Amino acid sequence: AILAAVTGVVRGEAILGAGVAERVLAQFTQPASRHTPLPELSDREREVLGLVADGLTNAAIGQRLFVSPKTVRNHVSNILMKLHVGSRSAASERAREAGI
C-alpha cells in the first residue's frame, strides 16, 4: 500500500485517507438545496449580513428584526470575526459572492 501511494504521488495523484475521501465525496453528493452559504455563520447572522449588504444601518436592522441596535452591533462584530474581514463593506462583498 505504501509503495502504491508513493508511486501515485510521483505520478501526481492525490492520495487521501478513507475518512478524508468520504468527507470530500459527501460534499459533492449532497443535493444543492442542502448547501448553506457561509456555514460558519448562524441563521441570524446570515440574516443580519443580508441586511448589512442591502445597506441598512444597525438601527434599521434592529427595527426590522425587533432587536436593539446593540444586539445588531454584536451580530455584526461576530460576522466580521467569523468571516475574517475588517469592514461592513468587505462582509457585504462576501455576502454577494455567497448569494446572500
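The values are calculated or read from the model by the stated rules, or taken from the named source; none is laboratory data. Remember, it's a predicted structure, so these values are computed and weren't measured experimentally. Note: ideal-geometry Cβ built from the backbone for every residue, glycine included; neighbour counts use all protein chains shown. Heavy atoms of the whole protein, side chains included, go into the accessibility calculation; ligands, DNA and RNA do not. Shrake-Rupley method; radii C 1.70, N 1.55, O 1.52, S 1.80 Å.
Within the chain, what whole-number % of the accessible surface is contributed by carbon and sulfur, with the 1.4 Å probe and all protein chains included in the calculation?
On the way: 4030 of 6850 Å².
Carbon and sulfur together cover 59 percent of it.
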Loop GluC sites (Glu not before Pro), segment 1-96, which have at most 16 other Cβ atoms in a 10 Å radius of their Cβ (DSSP): Glu13, Glu40
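Over the chain, average the accessible area per residue using a 1.4 Å probe and give it in Å², no decimals.
On the way: 6850 Å² over 100 residues.
Computed with neighbouring chains in place, this is 69 Å² per residue.
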With unit charges on the beta carbons (Lys and Arg positive, Asp and Glu negative) and the dipole taken about the Cα centre of the chain, which residue among Gly8, Thr36, His75 sits farthest to the positive side? His75
Pick out, in residue order, every one of the trypsin sites (Lys or Arg not before Pro) in the chain that is DSSP loop and has at most 15 other C-beta atoms within 10 Å; say none if there are none. Arg11
Dipole moment magnitude, nearest 20 debye, the chain about Cα centre, only Lys, Arg, Asp, Glu C-beta charged: 260
Within a Cβ distance under 12 Å of Leu16, other residues only, what is the Lys/Arg minus Asp/Glu net charge? -1
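Taking Cα atoms of the chain, Rg/Rh with Kirkwood Rh, to two decimals? Could the numbers behind the result be given before it?
On the way: Rg = 20.0 Å, Rh = 16.2 Å.
Using only Cα positions, Rg/Rh for the chain is 1.24.
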How much length would be gained if the chain were fully extended between Ala90 and Val20, taking 0.36 nm per residue of separation minus their Cα-Cα distance, in nm to one decimal? 22.0 nm
Projecting the Cα atoms of Ala18, Ala90, Leu56 onto the charge dipole of segment 15-100, where Lys and Arg contribute +1 and Asp and Glu -1 at Cβ, the residue farthest towards the positive end is Leu56
